[in-house]
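Here the structure is laid out as structure tokens; the discussion comes afterwards.
The values are calculated or read from the model by the stated rules, or taken from the named source; none is laboratory data. Predicted model, so just to flag it, every value in this text is computed and none were measured. Glycine gets a Cβ as well: all are built from the backbone with ideal geometry, and neighbour counts include every protein chain shown. Protein only, heavy atoms only, side chains kept; ligands, DNA and RNA dropped before computing areas. Shrake-Rupley method; radii C 1.70, N 1.55, O 1.52, S 1.80 Å.
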Amino acid sequence: MGGVGEPGEGPAQPGAPLPTFRWEQIRQHNLPGDKWLVIERRVYDISRWAQRHPGGSRLIGHHGAEDATDAFHAFHQDLNFVRKFLQPLLIGELAPEEPSQDGPQDAQLVEDFRALRQAAEDMKLFEAKPAFFALLLGHILAMEVLAWLLIYLFGPGWVPSTLAALVLATSQAQCWCLQHDLGHTSVFRKSQWNHVAQQFVMGQLKGFSAHWWNFRHFQHHAKPNIFHKDPDVTVAPIFLLGESSIEYGKKKRRYLPYNHQHLYFFLIGPPLLTLVNFEVENLAYMLVCMQWADLLWAASFYSRFFLCYSPFYGLPGALLLFVAVRVLESHWFVWITQMNHIPKEIGHEKHRDWASSQLAATCNVEPSLFTDWFSGHLNFQIEHHLFPTMPRHNYRRVAPLVKALCAKHGLNYEVKPFLTALVDIIGSLKKSGDVWLEAYLHQCQTRGFVRSCILSRVTHLSRDVAARTAEES
């Protein structure tokens with residue numbers, strides 16, 4: 001074993017004793033161009049390689065100067081293959097006296113969670129059932145055909161068009177779920193097959209970029225509900241969530257009437273997220289990052305859609321149908337994906353262990369055959385966040401093990417009824433708005449009081465000066 005290492009030593013030489021590092025040294029390397037991380041007690045310098053990371057530099061950078069062991073296991077299927085890329089980045093290991101995790105983390109919880117993951121692997125819960133996912137794809141394609149047949153057989157009247165829009169919106173919602181499975185490499189054993197299939201589902205069936213989705217979604221999984229790391233909660237100044245409410249209030253920021261955000265949420269949240277925000281962000285990503293293959297896939301979706309429906313509606317009518325489908329789909333996306341997160345803790349980085357950070361940011365919704373299908377099994381959000389690559393049909397089987405882990409360590413395993421989870425989104429927005437208003441008014445009153453004190457003092461001083469001047473004259 002080598003001595004305590006010095007920063008900047010570079011990659012360890014093969015066969016040479018590995019330098020050892022203390023956490024206080026590692027903490028210094030969490031800058032944009034200087035990042036280290038720890039995996040299985042080994043220290044890696046990812047400063048230059050981060051830009052080549054398949055998941056994006058932001059994703060791996062979010063774990064800078066941390067123990068990323070559980071994240072490493074959570075995001076990768078073939079660990080032996082990935083370790084080949086890590087070897088050239090190896091610069092040392094943790095000193096023997098150093099704990100495996102930095103900061104006040106529960107080492108026993110970390111150990112028990114890793115044992116739970118091993119138990120899930122032994123139960124083969126990370127193995128997918130091909131028939132399950134084939135059925136999902138089949139029913140999506142069937143809905144696409146059914147929507148077209150409704151217009152072909154019954155004409156472009158209001159009733160057939162409304163039914164077709166509902167069917168297409170349901171198909172699009174289920175496409176989100178299937179591409180989500182593929183993005184997490186939970187369908188095929190080979191990662192490349194998952195990526196190719198995801199490009200087809202996300203591109204040809206939805207008109208979006210698979211790379212764009214993975215770029216933002218993996219960050220959400222790495223640091224859920226953490227400002228500036230999870231894109232899903234970095235929504236200020238439109239909406240204020242969690243700790244941002246107090247911050248905006250103290251700084252007297254009032255870009256919108258945030259105490260009414262639970263009301264204007266209905267106008268600009270569910271209706272417009274997919275239609276406006278995602279469309280613009282997705283297109284910008286493909287152009288800026290030069291994802292030309294994704295752009296072609298997306299173009300194939302729009303070509304197919306308008307070729308299928310323009311003969312019945314004309315171009316303006318087909319565009320109106322497209323907008324209707326996107327708005328309906330957007331409602332599904334917002335309510336289903338946010339019912340597990342917005343009501344939970346939202347704030348700045350706390351540097352928790354993997355299990356604690358995921359449990360603090362997620363909750364489950366009571367399962368049923370309909371809820372499981374309608375939400376794409378995202379009602380098992382806790383299990384999904386703990387094990388992102390696990391096929392969703394196995395969440396029910398791993399759930400009792402997760403509950404037992406939470407009970408042992410006093411962690412909150414929260415399960416809500418479906419409607420309660422939806423209502424809690426509005427309640428959480430209202431609570432955040434009220435917190436902002438209270439902080440805002442308090443700050444105004446405080447500053448007003450200070451201002452009045454200063455004016456009063458200045459007045460008294462002016463009178464004293466005037467009196468002294470009168471006496472001297």
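The residues of region 414-441 that are at pLDDT 95 or above and aromatic (F, W, Y) amount to a single one, F418. What about D102, is it open to solvent by 20 Å² or more (accessible area, probe 1.4 Å), among the charged types (D, E, K, R), more than 16 Å from S375 (Cα to Cα) and out of contact with any strand residue (DSSP E or B) (no Cβ under 8 Å at 6 or more places or on another chain)? The answer is no for D102. Determine whether region 82-90 contains at least one residue that is over 24 Å from A16 (Cβ atoms) and either polar (S, T, N, Q) or buried (at least 16 other Cβ atoms within 10 Å of the Cβ) (or both). No, that holds for no residue.
At least 3 residues that are touching a residue at least 12 places away in the same chain (Cβ under 8 Å) and surrounded by 21 or more Cβ atoms within 10 Å (Cβ to Cβ) in each: list the helices (runs of 4 or more DSSP H) lying fully within region 211-314 that qualify. Before the answer, list the steps.
Values: elements: 244-250, 261-268, 279-288.
Qualifying helices (runs of 4 or more DSSP H): 244-250.
Filtering A74, A50, A115 for residues that are in a helix (DSSP H, G or I), open to solvent by less than 40 Å² (accessible area, probe 1.4 Å), out of contact with any strand residue (DSSP E or B) (no Cβ under 7 Å at 6 or more places or on another chain) and not assigned by the TED database to the domain that holds H184 leaves a single hit, A74.
Identify the residue in region 335-394 that is of a type in the set (S, T, N, Q) and outside any helix (DSSP H, G or I) and, among all such residues, is surrounded by the fewest Cβ atoms within 10 Å (Cβ to Cβ).
Step one: list which residues in region 335-394 are of a type in the set (S, T, N, Q), which gives 337-338, 340, 356-358, 362, 364, 368, 371, 375, 379, 381, 389, 394.
Subset that is outside any helix (DSSP H, G or I): 340, 362, 364, 368, 375, 379, 389.
Details: N340: 27, T362: 23, N364: 22, S368: 11, S375: 24, N379: 26, T389: 19.
Here the answer is S368.
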